[in-house]
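**Student:** Before I ask anything, let me first share the structure, which is written out below as C-alpha coordinates.
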Amino acid sequence: MDAKLSELLNHQINEELYSAYLYLTFADYYEDRGLKGFANWYMVQVQEEVAHAKILRRYLLDNDVSVKMTAIAEPDKTFSTDLEPLEAGLAHEKHITACIDRCYAAANDVHDFRAMQMLDWFVKEQGEEETNASDMIKNMKLFGSDPKGLYDLDREYQTRVFVAPTMPM
Ligand code: OFO
(Lines give C-alpha, C1' and ligand atoms only; values in the text may rest on other atoms or scores of the structure.)
Protein backbone atom coordinates (compact mmCIF):
# COMPACT_ATOMS: atom_id res chain seq x y z
CA MET A 1 0.00 0.00 0.00
CA ASP A 2 1.12 3.54 -0.68
CA ALA A 3 3.00 4.90 2.35
CA LYS A 4 1.06 8.16 2.61
CA LEU A 5 -2.26 6.33 2.35
CA SER A 6 -1.34 3.73 4.97
CA GLU A 7 -0.19 6.49 7.30
CA LEU A 8 -3.46 8.36 6.87
CA LEU A 9 -5.51 5.19 7.46
CA ASN A 10 -3.43 4.36 10.52
CA HIS A 11 -3.95 7.90 11.79
CA GLN A 12 -7.68 7.53 11.17
CA ILE A 13 -7.76 4.69 13.71
CA ASN A 14 -6.54 7.21 16.27
CA GLU A 15 -9.16 9.75 15.14
CA GLU A 16 -11.94 7.19 15.60
CA LEU A 17 -10.70 6.15 19.03
CA TYR A 18 -10.44 9.82 20.00
CA SER A 19 -14.06 10.19 18.86
CA ALA A 20 -15.01 7.39 21.24
CA TYR A 21 -13.07 9.08 24.04
CA LEU A 22 -14.71 12.44 23.30
CA TYR A 23 -18.20 10.95 23.30
CA LEU A 24 -17.48 9.28 26.63
CA THR A 25 -17.01 12.77 28.05
CA PHE A 26 -20.36 13.79 26.55
CA ALA A 27 -22.04 10.76 28.14
CA ASP A 28 -20.41 11.67 31.47
CA TYR A 29 -21.75 15.23 31.24
CA TYR A 30 -25.32 14.07 30.56
CA GLU A 31 -25.08 11.37 33.23
CA ASP A 32 -24.15 14.09 35.75
CA ARG A 33 -27.13 16.12 34.59
CA GLY A 34 -29.49 13.18 35.14
CA LEU A 35 -30.19 12.89 31.42
CA LYS A 36 -29.64 9.16 31.07
CA GLY A 37 -31.18 9.00 27.60
CA PHE A 38 -28.65 11.46 26.19
CA ALA A 39 -25.92 9.56 28.05
CA ASN A 40 -27.15 6.33 26.48
CA TRP A 41 -27.14 7.87 23.00
CA TYR A 42 -23.49 8.81 23.38
CA MET A 43 -22.50 5.49 24.92
CA VAL A 44 -23.92 3.81 21.81
CA GLN A 45 -21.93 6.32 19.77
CA VAL A 46 -18.79 5.29 21.66
CA GLN A 47 -19.40 1.70 20.51
CA GLU A 48 -19.87 2.90 16.93
CA GLU A 49 -16.59 4.80 16.97
CA VAL A 50 -14.68 1.82 18.33
CA ALA A 51 -16.28 -0.26 15.55
CA HIS A 52 -15.05 2.27 12.98
CA ALA A 53 -11.51 1.99 14.36
CA LYS A 54 -11.73 -1.79 14.20
CA ILE A 55 -12.83 -1.74 10.55
CA LEU A 56 -9.78 0.36 9.64
CA ARG A 57 -7.46 -1.85 11.70
CA ARG A 58 -8.82 -4.97 9.99
CA TYR A 59 -8.40 -3.37 6.58
CA LEU A 60 -4.75 -2.51 7.22
CA LEU A 61 -3.96 -5.95 8.63
CA ASP A 62 -5.69 -7.67 5.72
CA ASN A 63 -3.49 -5.67 3.38
CA ASP A 64 -0.26 -6.56 5.18
CA VAL A 65 0.21 -3.15 6.76
CA SER A 66 1.35 -3.21 10.37
CA VAL A 67 -0.79 -1.10 12.64
CA LYS A 68 0.60 1.41 15.13
CA MET A 69 -1.53 2.44 18.10
CA THR A 70 -0.68 6.02 18.96
CA ALA A 71 -1.56 8.07 22.06
CA ILE A 72 -5.12 9.32 22.32
CA ALA A 73 -5.41 12.98 23.28
CA GLU A 74 -7.35 14.09 26.35
CA PRO A 75 -10.64 15.71 25.30
CA ASP A 76 -10.71 19.13 26.95
CA LYS A 77 -14.42 19.62 27.00
CA THR A 78 -16.19 21.34 29.81
CA PHE A 79 -19.78 22.24 29.19
CA SER A 80 -22.12 24.75 30.76
CA THR A 81 -25.30 24.05 28.77
CA ASP A 82 -27.00 20.91 27.42
CA LEU A 83 -26.62 22.28 23.91
CA GLU A 84 -22.83 22.65 24.00
CA PRO A 85 -21.87 18.95 23.70
CA LEU A 86 -24.25 18.61 20.75
CA GLU A 87 -22.65 21.55 18.97
CA ALA A 88 -19.18 20.21 19.75
CA GLY A 89 -20.33 16.85 18.36
CA LEU A 90 -21.35 18.35 15.02
CA ALA A 91 -18.09 20.30 14.76
CA HIS A 92 -16.17 17.11 15.52
CA GLU A 93 -18.03 15.05 12.93
CA LYS A 94 -17.27 17.71 10.32
CA HIS A 95 -13.61 17.35 11.25
CA ILE A 96 -13.86 13.55 10.85
CA THR A 97 -15.52 13.98 7.46
CA ALA A 98 -12.54 16.10 6.37
CA CYS A 99 -10.17 13.36 7.61
CA ILE A 100 -12.04 10.68 5.64
CA ASP A 101 -12.06 12.90 2.56
CA ARG A 102 -8.26 13.26 2.91
CA CYS A 103 -7.88 9.47 3.03
CA TYR A 104 -10.14 9.13 0.00
CA ALA A 105 -8.20 11.73 -1.97
CA ALA A 106 -4.90 9.95 -1.15
CA ALA A 107 -6.37 6.62 -2.32
CA ASN A 108 -7.65 8.27 -5.47
CA ASP A 109 -4.24 9.82 -6.18
CA VAL A 110 -2.57 6.40 -6.31
CA HIS A 111 -5.51 4.57 -7.93
CA ASP A 112 -6.00 2.34 -4.91
CA PHE A 113 -9.51 1.28 -5.88
CA ARG A 114 -9.76 -1.29 -3.08
CA ALA A 115 -9.11 1.38 -0.47
CA MET A 116 -11.58 3.71 -2.20
CA GLN A 117 -14.24 0.99 -2.06
CA MET A 118 -13.61 0.50 1.66
CA LEU A 119 -13.69 4.28 2.23
CA ASP A 120 -16.97 4.62 0.31
CA TRP A 121 -18.63 3.16 3.40
CA PHE A 122 -17.05 5.84 5.59
CA VAL A 123 -18.05 8.63 3.21
CA LYS A 124 -21.69 7.54 3.48
CA GLU A 125 -21.40 6.98 7.23
CA GLN A 126 -20.08 10.52 7.73
CA GLY A 127 -23.17 11.89 5.97
CA GLU A 128 -25.29 10.04 8.54
CA GLU A 129 -23.09 11.14 11.45
CA GLU A 130 -23.45 14.80 10.51
CA THR A 131 -27.22 14.47 10.00
CA ASN A 132 -27.63 12.82 13.42
CA ALA A 133 -25.55 15.51 15.12
CA SER A 134 -27.43 18.30 13.35
CA ASP A 135 -30.85 16.77 14.19
CA MET A 136 -29.93 16.59 17.88
CA ILE A 137 -29.07 20.31 17.86
CA LYS A 138 -32.37 21.16 16.16
CA ASN A 139 -34.33 19.01 18.62
CA MET A 140 -32.59 20.60 21.60
CA LYS A 141 -33.26 24.12 20.30
CA LEU A 142 -36.91 23.29 19.61
CA PHE A 143 -37.79 21.32 22.74
CA GLY A 144 -34.91 21.51 25.20
CA SER A 145 -35.91 24.71 26.99
CA ASP A 146 -39.18 23.15 28.16
CA PRO A 147 -38.76 20.54 30.96
CA LYS A 148 -41.41 18.24 29.49
CA GLY A 149 -39.85 18.59 26.02
CA LEU A 150 -36.41 17.76 27.43
CA TYR A 151 -37.86 14.77 29.32
CA ASP A 152 -39.46 13.42 26.12
CA LEU A 153 -36.22 13.89 24.16
CA ASP A 154 -34.29 12.08 26.86
CA ARG A 155 -36.78 9.19 26.73
CA GLU A 156 -36.38 9.02 22.96
CA TYR A 157 -32.58 8.88 23.15
CA GLN A 158 -32.83 6.14 25.76
CA THR A 159 -34.14 3.81 23.05
CA ARG A 160 -31.00 3.91 20.90
CA VAL A 161 -29.23 0.54 20.72
CA PHE A 162 -25.90 -0.37 19.19
CA VAL A 163 -26.04 -2.26 15.92
CA ALA A 164 -22.64 -3.44 14.75
CA PRO A 165 -21.89 -1.91 11.35
CA THR A 166 -21.63 -4.22 8.38
CA MET A 167 -19.77 -3.13 5.30
CA PRO A 168 -19.08 -4.73 1.94
CA MET A 169 -15.38 -5.62 1.98
FE1 OFO B 1 -16.49 7.50 13.20
O2 OFO B 1 -17.86 8.64 12.86
FE3 OFO B 1 -18.11 9.77 14.28
O4 OFO B 1 -16.45 10.33 14.57
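The values are calculated or read from the model by the stated rules, or taken from the named source; none is laboratory data. Just so we're clear, the structure is a prediction, and the values are computed from it rather than from any experiment. No Cβ is skipped: glycine too gets one built from the backbone with ideal geometry, and neighbour counts run over all protein chains shown. Only protein heavy atoms, including side chains, enter the accessible area calculation; ligands, DNA and RNA are left aside. Shrake-Rupley method; radii C 1.70, N 1.55, O 1.52, S 1.80 Å.
**Student:** For the stretch 103-114, just list the computed ³J(HN,Hα) in residue order, Karplus coefficients 6.51, -1.76 and 1.60, θ = phi - 60°, integers in Hz, with x standing in for Gly and Pro.
**Tutor:** Working through the residues one at a time gives 4, 5, 5, 5, 5, 4, 4, 9, 6, 8, 5, 5 Hz.
**Student:** List the lysines whose Cα sits under 27 Å from the Cα of Lys94, skipping any in the same chain fewer than 8 residues away.
**Tutor:** Answer for Lys94, where 27 Å is the Cα cut-off: Lys4, Lys36, Lys54, Lys68, Lys77, Lys124, Lys138, Lys141, listed by chain and number.
**Student:** Something else now. If packing is taken as the mean number of other Cβ atoms within 10 Å per residue, what is the order of 126-138, 1-13, highest first?
**Tutor:** Per-residue Cβ counts within 10 Å, averaged per peptide and sorted highest first, yield 1-13, 126-138.
**Student:** Another question, if that's okay. Between the stretch 1-76 and the stretch 92-169, what is the C-alpha centre distance in whole Å?
**Tutor:** 13
**Student:** Taking only protein heavy atoms into account and a 1.4 Å probe, give the accessible area per residue of the chain in Å².
**Tutor:** In whole numbers, the chain has 54 Å² accessible per residue.
**Student:** Order of 28-34, 66-72 by packing, highest average Cβ count within 10 Å first?
**Tutor:** Ranked from most to least packed, the peptides come out as 28-34, 66-72.
**Student:** Each residue of the stretch 32-48 in order: what ³J(HN,Hα) in whole Hz does its phi give by Karplus 6.51 cos²θ - 1.76 cosθ + 1.60, θ = phi - 60°, with x for Gly and Pro?
**Tutor:** Those phi angles translate into 4, 6, x, 9, 6, x, 4, 4, 4, 4, 6, 5, 5, 5, 4, 4, 4 Hz.
**Student:** Over the chain, what is the relative contact order in whole percent, taking alpha-carbon pairs under 8 Å and six or more residues apart?
**Tutor:** 31
**Student:** Using the Cα centre of the stretch 33-83 as the reference point, and only Cβ charges (+1 on K/R, -1 on D/E), how large is the resulting charge dipole? Debye, rounded to the nearest 20.
**Tutor:** Working: 7 positive and 7 negative charges, 27 e Å.
Once rounded to the nearest 20, the dipole reads 120 debye.
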